[in-house]
Amino acid sequence: MARPQVLFVGGTGVISAACAEQAVEAGFDLFILNRGNSTTRPPPRAAHVLIADVRDRSSVTRAVAGLEFDVVVDFLAFTPEDVRADMDLFGGRIGQYVFISSASAYQTPPKRLPIVESTPLRNPYWQYSRDKIACEDLLVRSYREDGFPATIVRPSHTYDRTMVPLHGGWTMIDRMRRGAPIVVHGDGTSPWTLTHSVDFARAFVGLLGESRAVGDSFHITSDEALTWDQVAGILAAAAGVEPRVVHVPSDAVAAVDPEWGASLLGDKAHAMVFDNTKIKRLVPGWAATVPFWRGAREIIEWHDADAAHRRLDMRLEATLDQLVKAFGSEGLAP
């Protein structure tokens with residue numbers, strides 16, 4: 001019996017690279033379509049690599065010409081225009097189309113916790129999230145009216161060893177090691193969910209080719225909820241230091257750094273805890289097993305292994321210094 005053929009549009013990102021490794025391990029015949037220039041997370045050796053610029057639809061069309069896929073997953077669709085292009089290209093030719101949405105599409109701020117898949121979708125603060133909602137609306141309508149076989153997956157804050165899950169990335173770790181204060185939004189006590197990409201991938205691959213997932217939506221997250229002060233403290237411990245934290249209101253952050261502020265007011269400033277019952281029912285035996293303390297050690301070890309990984313954002317340094325000066329330069333250990 002032939003192995004199911006799966007196409008990943010993307011395939012070398014934080015989430016998609018882990019999913020690619022897991023898909024190959026699960027026995028799928030995997031094709032990865034991207035520009036072919038990733039060295040941080042190269043595709044699995046067993047995958048077929050198709051070279052194309054996903055924003056150049058003619059090059060995508062040429063790359064997949066003559067190929068048939070059972071499942072198409074687009075990790076790089078962010079707007080309804082991106083989704084429509086996929087529907088035009090693959091409509092009527094596939095058994096399942098998986099759209100990677102975002103948990104930030106859920107009602108913000110949430111009225112009830114934990115978040116479940118039926119939680120309303122509404123985010124008036126962040127354009128990224130509104131675009132994802134518009135994509136979902138298009139796919140739900142197309143499934144209802146035309147039977148387009150869409151499955152919607154909503155990751156929350158998913159990380160791998162290359163990604164420091166604080167705004168500014170390694171800049172925050174570098175400041176902690178220098179004894180400089182870092183900024184944590186709000187009072188640092190709101191609960192947040194961080195999910196290791198390997199945990200996400202193990203559940204995600206269970207949805208590929210699963211007919212019961214068509215026409216439905218799922219989020220995939222860890223069941224571990226940590227406060228932002230705990231996140232900073234765990235990263236600091238992995239880096240071998242005690243953090244100095246200055247708490248700054250999210251709207252004050254937004255006033256000096258609108259991009260950072262949008263990601264806070266539209267997502268991270270709010271408590272986000274998830275009920276994963278739905279994905280666990282469809283993928284029996286799955287549970288997230290990587291606690292953040294272990295993930296934090298992976299993050300620090302990867303960055304410490306190569307100076308090229310330890311990139312600093314000097315513009316952010318200036319912003320942090322400005323906020324620290326305004327809201328309390330001493331800082332407290334979380």
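What tally of residues in segment 204-251 results from selecting those that are closer than 15 Å to I182 by Cβ and among the hydrophobic types (A, V, I, L, M, F, W, C)? Residues flagged as closer than 15 Å to I182 by Cβ and among the hydrophobic types (A, V, I, L, M, F, W, C) within segment 204-251 amount to 13.
Residue count for segment 12-37 under the criterion of being surrounded by fewer than 22 Cβ atoms within 10 Å (Cβ to Cβ), among the hydrophobic types (A, V, I, L, M, F, W, C) and part of a loop (DSSP other than H, G, I, E, B): the result is 1.
Within segment 109-126, can one find any residue that is farther than 27 Å from R41 by Cα and either not assigned by TED's automatic domain parsing to the domain that holds G91 or not in a loop (DSSP other than H, G, I, E, B) (or both)? Checked against the condition, which is being farther than 27 Å from R41 by Cα and either not assigned by TED's automatic domain parsing to the domain that holds G91 or not in a loop (DSSP other than H, G, I, E, B) (or both), segment 109-126 yields at least one hit.
Can you confirm whether V290 is more than 25 Å from Y106 (Cβ to Cβ) and touching a helix residue (DSSP H, G or I) at 6+ places or on another chain (Cβ under 7 Å)? So V290 fails the test.
When the residues of segment 242-268 are narrowed to those that are in contact with a Gly (Cβ under 8 Å, 6 or more places away or on another chain) and in a loop (DSSP other than H, G, I, E, B), which ends up surrounded by the most Cβ atoms within 10 Å (Cβ to Cβ)? By that ranking, first place goes to P243. Scanning segment 301-324 for residues that are assigned to a helix (DSSP H, G or I) and surrounded by 13 or more Cβ atoms within 10 Å (Cβ to Cβ) returns W302, H303, D304, H309, L316, E317, T319, L320, D321, Q322, L323, V324. M272 falls short on exactly one of the conditions (1) in a helix (DSSP H, G or I); (2) buried (at least 19 other Cβ atoms within 10 Å of the Cβ); (3) within 17 Å of the chain's Cα centre (by Cα), and that condition is (1). For segment 161-206, the tally of residues that are under 19 Å from W286 (Cα atoms) and assigned to a loop (DSSP other than H, G, I, E, B) stands at 1. Of the residues G188, G215, the single one that is at pLDDT 95 or above, closer than 27 Å to Q107 by Cβ, assigned by TED's automatic domain parsing to the domain that holds V71 and touching a helix residue (DSSP H, G or I) at 6+ places or on another chain (Cβ under 7 Å) is G215.
The values are calculated or read from the model by the stated rules, or taken from the named source; none is laboratory data. Here the structure is a predicted model, which means the values were calculated and not measured. Positions of Cβ are backbone-derived with ideal geometry, glycine not excepted, and every protein chain shown enters the neighbour counts.
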